[in-house]
Amino acid sequence: MALGRGSAMVALMLLLMCLMLHSEMAHAATYTVGDANGWTFNAAGWPKGKRFRAGDTLVFNYSPGAHNVVAVDKVGYSACKTPKGAKVYNSGSDQIKLAKGLNYFICNFVGHCESGTKVAISAV
């Protein structure tokens, strides 16, 4: 009989874990950076008023060859510099999942970051 109760407890635990995972996945959202304007100049203010969660997906839409997306740290964001080994996206429709905490992205084409083609996003 103890084996039956143990099996029932394991099944209940698995069910609860599945429900929690499903709940987390249901809360993930997809955001198009810059909305209809896409990833372009003056994007730095785009996150204002939005609430982001870890696991949300950012979609960066732009013309390849006109921009790119580089995931950077705070120093890279502030200085508009690409750290060695940084991941550079250049597909024109990049999808990036947010990590918990601060997430920084810039365009590293000459002068673009300085013209506001950058975003800093805090994900809870």
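The values are calculated or read from the model by the stated rules, or taken from the named source; none is laboratory data. Just so it is clear, the model here is predicted, and its values are computed rather than measured. So basically every Cβ, Gly included, is an ideal-geometry build from the backbone, and we count neighbours across all protein chains shown.
Criterion first (in contact (Cβ under 8 Å) with a residue 60 or more places away in the chain, among the small types (Gly, Ala, Ser) and more than 21 Å from ASP35 (Cβ to Cβ)) does ALA54 satisfy it?
yes
Of these, THR117, THR57, THR82, which one is within 13 Å of THR40 (Cβ to Cβ) and among the polar types (S, T, N, Q)?
THR117
Take GLY49 and decide whether it is at pLDDT below 95 and at positive phi.
The answer is no for GLY49.
Which of (1) surrounded by fewer than 17 Cβ atoms within 10 Å (Cβ to Cβ); (2) in contact (Cβ under 8 Å) with a residue 12 or more places away in the chain; (3) farther than 17 Å from ILE121 by Cβ does LYS84 not meet, given it meets every other one?
LYS84 satisfies all of (1) surrounded by fewer than 17 Cβ atoms within 10 Å (Cβ to Cβ); (2) in contact (Cβ under 8 Å) with a residue 12 or more places away in the chain; (3) farther than 17 Å from ILE121 by Cβ except (2).
Residues in the range 100-108: is at least one farther than 20 Å from ALA54 by Cα, touching a residue at least 40 places away in the same chain (Cβ under 8 Å) and surrounded by 12 or more Cβ atoms within 10 Å (Cβ to Cβ)?
yes
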